[in-house]
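Just below is one structure, and these are the notes that go with it.
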Amino acid sequence: MQCPIARGLEHVGEWWSILILRYAFRGLSRFDEFSESLGIAPNMLTRRLTALVEAGLLERRQYNERPPRDEYVLTERGRDFRPVLLAMMAFGNKHFPPDDRLVQIVNAETGERVDPLLVDPATGRRVDGPGYQVVTTRLQHA
């Protein structure tokens, strides 16, 4: 697939995969933790964890030899997915608010609510505003 959105969705676009990553960001790493938190069938969880490991978003590490037990930890690629989750959270809060409470990002020092924002690091300007567009370019091969 040529579209980067489609290529990304190929690896994380399935409902359970995104929720597994959400819980991994919350510190869960073991099969039984994911299973209990998600209420997912074990065979489905096994398939989704395997797919996330194969995509390089999670790494499987053995933490017990007898019986053999593995944990699943975020890789650098997996940690790079965090801004996407935060943007999805903000979108869900804004357009599909829950009945009783919001999950929000807050400044750890001030406790003030913060909305995620994509900015151009060179200018500090929002990249979803005027002056920015999406273009297609060819890769430069070495």
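The values are calculated or read from the model by the stated rules, or taken from the named source; none is laboratory data. Worth saying up front: this structure is predicted, and the values here are computed from it rather than measured. Here the Cβ is made from the backbone with ideal geometry for all residues, glycine too, and neighbour counts use every protein chain on show.
The table below gives the values:
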| quantity | calculated |
| --- | --- |
| Condition broken by GLY131, with the remaining ones in (1) on the phi > 0 side of the Ramachandran plot; (2) under 21 Å from the mean Cα position of the chain (by Cα) satisfied | (2) |
| ALA87 vs. criteria among the hydrophobic types (A, V, I, L, M, F, W, C), at pLDDT below 95, loosely packed, with under 14 Cβ neighbours inside 10 Å and closer than 30 Å to THR136 by Cβ | no |
| Enumeration of residues in the range 85-111 that are part of a helix (DSSP H, G or I) and without any contact (Cβ under 8 Å) to a residue 40 or more places away in the chain | LEU86, ALA87, MET89, ALA90, PHE91, GLY92, ASN93, LYS94, HIS95 |
| Flag if GLY78 is surrounded by 10 or more Cβ atoms within 10 Å (Cβ to Cβ), of a type in the set (Gly, Ala, Ser) and closer than 14 Å to LEU21 by Cα | yes |
| Test: residue in the range 101-109 that is surrounded by 11 or more Cβ atoms within 10 Å (Cβ to Cβ) and in contact with a strand residue (DSSP E or B) (Cβ under 8 Å, 6 or more places away or on another chain) | yes |
